[in-house]
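Trainee: Following this message is one structure expressed as structure tokens.
Bear in mind that the values in this text are calculations on the coordinates, not laboratory data. Because the structure is predicted, anything quoted here is derived from the model rather than measured. Note: ideal-geometry Cβ built from the backbone for every residue, glycine included; neighbour counts use all protein chains shown.
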Amino acid sequence: MMMNPSLKNLCKVIPGTIIEGKWHHNRYTIIKELGFGANGIVYLARYNNKQVALKMSDNGMSITSEVNVLKSFSKVQGSALGPSLLDVDDWERPGKKSAFMQWNSLKDQISSLSCSKKGRTGLG
């Protein structure tokens, strides 16, 4: 299912935009768009000198549903089943409000999977 084009425009931000969370006040700098789907847009962003994935949506309930799924993954014993959820917040600007969630970057996820399959010595 593709995202409604009018909804995509609500979440569209350009590289260099600084997203500051309303509640936790974490600041993310957008690097580039990675993709979009039915419920939001995923961006590569920089936070504390690390690259992270940031999913934004104008539909707070869809973010809440995805957060609940990611939290249930984290409760499963054993190796990681998916990305690690690190932050959930709102971003407000004049006339617009978006919810977002931040998780570890794909690079971190690949490193985690590599460690779990090969042990720590498997990484270069």
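Trainee: May I ask which of Lys50/Lys97; Lys22/Lys55; Lys71/Lys97; Lys50/Lys96 have a Cα-Cα span longer than 21 Å here? Mind dumping the intermediate values first?
Mentor: Working: Lys50/Lys97 25 Å; Lys22/Lys55 15 Å; Lys71/Lys97 24 Å; Lys50/Lys96 27 Å.
Check vs 21 Å cut-off fails for Lys50/Lys97; Lys71/Lys97; Lys50/Lys96.
Trainee: Now, a different point. Which order do the peptides 41-50, 92-101 come out in when sorted by mean C-beta neighbours inside 10 angstrom, highest first?
Mentor: Numbers: 41-50: 16.8, 92-101: 14.6.
Final packing ranking: 41-50, 92-101.
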